[in-house]
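I have placed the structure first, in the form of structure tokens, so that the comments after it can refer back to it.
The values are calculated or read from the model by the stated rules, or taken from the named source; none is laboratory data. Just so it is clear, the model here is predicted, and its values are computed rather than measured. Here Cβ is always computed from backbone atoms with ideal geometry, including for glycine, and neighbour counts include all displayed protein chains. With ligands, DNA and RNA removed, areas are computed over all heavy atoms of the protein, side chains included. Shrake-Rupley method; radii C 1.70, N 1.55, O 1.52, S 1.80 Å.
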Amino acid sequence: MADLFRQIRVLDPATGSDRRRDVRIQSGRLIAIADSLDAQPEDQVHNHPDWVLGPALTDLYSRSGEPGAEPRETWQSLAAAAAAGGFGRVLLLPEGEPWLDQAEALTARPRQLGSVQLDYWAAYSQQGQGEQLSELAELATQGAIGFGDGQLLASPAFLRQLLLYSRSLNRPLLIWPCDRQLRGKGRARQGSLALRWGLPVDPQSSETAALALLLELLADSPTPVHLMRISTARSVELIAQAKQRGLPVTASVTWLHLLGNTADLSDYEPNLRLGPPLPEPDEQAVLQQAVRDGLIEAIAVDHSPYLYEEKTVAFGEAPAGAIGLELALPQLWQKLVVEAGWSPLTLWQRLSTGPQHCLGETPRSLSEGDRVTVFDPQQSWTVSETSLRSQARNTHLLGQTLIGRVWQSA
């Protein structure tokens, strides 16, 4: 059986098209698209002109508990959460047991689960310690999408070595610009709100100093670098300057850093303990504008599952991270499209073709066989233990009612 959507709003970020068309899909894949399609006997016909259809979303970096911490999240439950959130492709960070710094560890990990493609960032340093390079060439040969530890920035000497060595491998580097010593034990960005809440500060300079160093090293040894978890206004300025200089950089912000700020920490919600911390309110506005303008090309989920016992602690003791694969699209749509006036096409670009651009890929127009996402922007649903597909529950949205949900065929 196929599903025929009559005059659904079709977003095609690769071409900038936003128009109503008839679309037939089967098993989540596009099989026909035209201004008008004749219904077939096997079609289930849907008349929802307010619904939206676009290419399946891509998440640039997230975590799974498996291998090694399956009680947090399995590959299967992560894939189910991704599908429920409209993501057809998720790139996973190298954490796990074993750490993804050896080719044999890469070949043992699944590449397709149901409708979701899984790709992997191989670690650029052994055990993510930032001291010794991994076997980058061998990992590239085995299909690593790129190299990234997902950890705080390594030493300048190691970083310089990494940039030099990786130039010939034709793989992007995923780097979190954050200085370990400047960050210290900070839990909130420096400002009046952190002082009011009595939280130790992680100064903005922990990000910007590391970023400035990285960009200077990159000027001497150009190689494609994707800057993850950008969270400060000054970083936006530095990225703009780097692009003006012609440096090969792209950048992303996580969905929670676009939608939250330090004011949200007033009740010390441990599921908003993030790394990096939420931005100050004025910096949040700068980040939103940078993403809207395309200076920052992508929005990432950074899905980070933890057990109830791990997160049900004091704010300062909670591990950094929250889940989000099922929650990001409805929240981003409501806050940015409905309330802030973004075009739906812009949001979809930052969640689909934007991530592809950051990987050095060339997005193409919607075509037959492509996996697509159908989104109902008006459906209300409650985030609950039973509604979530993720095995983890560490989200501040638990118990809240959201507007907007991905449609999944029966």
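When T312, T262, T254 are checked against the criterion of being closer than 24 Å to E66 by Cβ and either of a type in the set (D, E, K, R) or open to solvent by less than 20 Å² (accessible area, probe 1.4 Å) (or both), T254 stands alone in meeting it.
In segment 74-92, what count of residues is obtained for those that are over 30 Å from Q378 (Cβ atoms) and either part of a strand (DSSP E or B) or in contact (Cβ under 8 Å) with a residue 60 or more places away in the chain (or both)? Of the residues in that region, 3 qualify.
Looking only at residues of segment 377-391 that are open to solvent by 30 Å² or more (accessible area, probe 1.4 Å) and assigned to a loop (DSSP other than H, G, I, E, B), we find that the one that is nearest to F5 (Cα to Cα) is R389.
Do we have L366 as modelled with pLDDT of 95 or more, of a type in the set (A, V, I, L, M, F, W, C), closer than 17 Å to N271 by Cβ and buried (at least 17 other Cβ atoms within 10 Å of the Cβ) here? The answer is no for L366. Within segment 17-38, identify whether any single residue is open to solvent by 50 Å² or more (accessible area, probe 1.4 Å), over 22 Å from S367 (Cα atoms) and in a loop (DSSP other than H, G, I, E, B), and answer yes or no. No, because not a single residue in segment 17-38 is open to solvent by 50 Å² or more (accessible area, probe 1.4 Å), over 22 Å from S367 (Cα atoms) and in a loop (DSSP other than H, G, I, E, B).
Within segment 303-323, residues that are more than 16 Å from R389 (Cβ to Cβ) sit with their Cβ atoms under 6 Å from residues that are open to solvent by 30 Å² or more (accessible area, probe 1.4 Å) and assigned to a helix (DSSP H, G or I), at 6+ positions apart or across chains, in these pairs: P319/E310. Per the listing L195, L218, the residue uniquely crowded, with 20+ Cβ neighbours inside 10 Å, part of a helix (DSSP H, G or I) and free of Cβ contacts under 8 Å to residues at least 60 places away in the same chain is L218.
Would it be correct to say that V374 is of a type in the set (A, V, I, L, M, F, W, C), over 30 Å from T223 (Cβ atoms), free of Cβ contacts under 8 Å to residues at least 60 places away in the same chain and surrounded by 15 or more Cβ atoms within 10 Å (Cβ to Cβ)? No.
Across segment 221-272, what is the total count of residues that are part of a loop (DSSP other than H, G, I, E, B), over 28 Å from F315 (Cα atoms) and touching a strand residue (DSSP E or B) at 6+ places or on another chain (Cβ under 9 Å)? Reasoning before the result, please.
Filtering segment 221-272 down to residues part of a loop (DSSP other than H, G, I, E, B) leaves 221-224, 228-232, 245-248, 260-261, 266-269.
Applying the additional criterion that residues be over 28 Å from F315 (Cα atoms) yields 221-224, 245-248.
In the following step, the residues that additionally are touching a strand residue (DSSP E or B) at 6+ places or on another chain (Cβ under 9 Å) were identified as 223-224, 247-248.
Matching residues across segment 221-272 total 4.
How many residues does segment 286-301 hold that are part of a helix (DSSP H, G or I) and charged (D, E, K, R)? Working first, answer last.
Step one: of segment 286-301, the residues part of a helix (DSSP H, G or I) are 286-293.
With the extra rule that they be charged (D, E, K, R), the set shrinks to 292-293.
Residues that pass the stated criteria total 2.
Among the residues of segment 111-126, which ones are crowded, with 16+ Cβ neighbours inside 10 Å and not small (G, A, S)? Break it down into steps so the answer makes sense when it comes.
Taking segment 111-126 and keeping what is crowded, with 16+ Cβ neighbours inside 10 Å, we get 113, 115-126.
Residues satisfying the conditions are L113, V116, Q117, L118, D119, Y120, W121, Y124, Q126.
For L295, the criteria (1) over 23 Å from A81 (Cα atoms); (2) over 18 Å from the mean Cα position of the chain (by Cα); (3) of a type in the set (A, V, I, L, M, F, W, C) hold in every case but one, which is (2).
Would you point out which residue out of L162, L169 is over 24 Å from Y268 (Cβ atoms), among the aliphatic types (A, V, I, L, M) and either part of a helix (DSSP H, G or I) or open to solvent by less than 10 Å² (accessible area, probe 1.4 Å) (or both)? Before you say what the answer is, go through the steps one by one.
Values: L169 fails: either part of a helix (DSSP H, G or I) or open to solvent by less than 10 Å² (accessible area, probe 1.4 Å) (or both).
Going through L162, L169 in turn, just one is over 24 Å from Y268 (Cβ atoms), among the aliphatic types (A, V, I, L, M) and either part of a helix (DSSP H, G or I) or open to solvent by less than 10 Å² (accessible area, probe 1.4 Å) (or both): L162.
Based on what the data block shows, is E283 within 26 Å of W197 (Cβ to Cβ), assigned to a helix (DSSP H, G or I) and either in contact with a Lys or Arg (Cβ under 8 Å, 6 or more places away or on another chain) or of a type in the set (K, R) (or both)? Taking the combined requirement at face value, the residue satisfies it.
Among the residues of segment 222-236, is any modelled with pLDDT of 95 or more, open to solvent by less than 20 Å² (accessible area, probe 1.4 Å) and of a type in the set (K, R)? Checked segment 222-236: at least one residue is modelled with pLDDT of 95 or more, open to solvent by less than 20 Å² (accessible area, probe 1.4 Å) and of a type in the set (K, R). Restricting attention to segment 399-410, the residues that are surrounded by 12 or more Cβ atoms within 10 Å (Cβ to Cβ) and without any contact (Cβ under 8 Å) to a residue 24 or more places away in the chain total 1. When P49, P67 are screened for being out of contact with any Pro (no Cβ under 9 Å at 6 or more places or on another chain) and over 11 Å from L118 (Cα atoms), only P49 passes.
This table checks each residue for (1) hydrophobic (A, V, I, L, M, F, W, C); (2) modelled with pLDDT of 95 or more; (3) assigned to a helix (DSSP H, G or I).
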site	(1), (2), (3)
E310	no, yes, yes
V313	yes, yes, no
G324	no, yes, no
V337	yes, yes, yes
A340	yes, yes, no
L347	yes, yes, yes
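On the basis of being over 21 Å from the mean Cα position of the chain (by Cα) and free of Cβ contacts under 8 Å to residues at least 60 places away in the same chain, does S384 make the cut? The answer is yes for S384. In segment 141-153, what residues are free of Cβ contacts under 8 Å to residues at least 60 places away in the same chain, more than 24 Å from A56 (Cα to Cα) and open to solvent by 10 Å² or more (accessible area, probe 1.4 Å)? T141, Q142, Q151, L152 - these are the residues of segment 141-153 that are free of Cβ contacts under 8 Å to residues at least 60 places away in the same chain, more than 24 Å from A56 (Cα to Cα) and open to solvent by 10 Å² or more (accessible area, probe 1.4 Å).
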